[in-house]
Amino acid sequence: MTTAALGCTVALSLEPMHGWGIGQRIDQLSKDVFRVPQGSLYPGLQRMLRKGWIRAEWRTSAHNRRARYYRLTRAGRRQLETEASDWRRASETINAILRFRLADGDV
């Protein structure tokens, strides 16, 4: 799963939302560190739809416009749990390596 897909699944685990809202939520949650361009977001959402991680339906937005809303499926929640666990393990390993290098004084 890409970083963008991970961000999308985290955002959608909070509530169903439309594509633009997903991008905004990722920006908000990451404090603007991970920005997902719209040109990357929508193809990623299509891949996630094909994998069955999300579902989509047309609704009227808060601005009274027709928008495609996405929601996380059970399979998507399971995938998010797996990916989050893998991400934590990898992050902890990299942090341990960095601590070792910093303690050794080679940085």
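Check each of the trypsin sites (Lys or Arg not before Pro) in the range 13-59 and keep only those in coil by DSSP with at most 16 other C-beta atoms within 10 angstrom; list them in order. It would help to have the intermediate numbers written out before the result.
Details: sites: ARG25, LYS31, ARG35, ARG47, ARG50, LYS51, ARG55, ARG59; in loops: LYS31, ARG35.
Sparse-neighbourhood loop trypsin sites (Lys or Arg not before Pro): LYS31, ARG35.
Please give me the summed charge of the neighbours of ARG59: other residues whose Cβ is under 14 Å from its Cβ, Lys and Arg +1, Asp and Glu -1. Mind showing how you got there, number by number?
Numbers: positive: ARG55, ARG65, ARG66, ARG68, ARG71; negative: GLU15, GLU57.
Taking every other residue near ARG59 into account, the sum is +3.
Please report the Cα spread of the range 3-104 along all three principal axes, rounded to whole Å, starting with the longest.
59, 27, 21
Can you give the calculated 222 nm mean residue ellipticity of the chain, where each DSSP H run of n ≥ 4 adds -39,500 (n - 2.57) and the sum is split over every residue, rounded to the nearest 500 deg cm²/dmol?
Computed ellipticity for the chain at 222 nm equals -21500 deg cm²/dmol.
All of the numbers you see were taken from the coordinates with simple rules; none came from a lab. In this text, all values refer to a predicted model and were calculated from it rather than measured experimentally. Here Cβ is always computed from backbone atoms with ideal geometry, including for glycine, and neighbour counts include all displayed protein chains.
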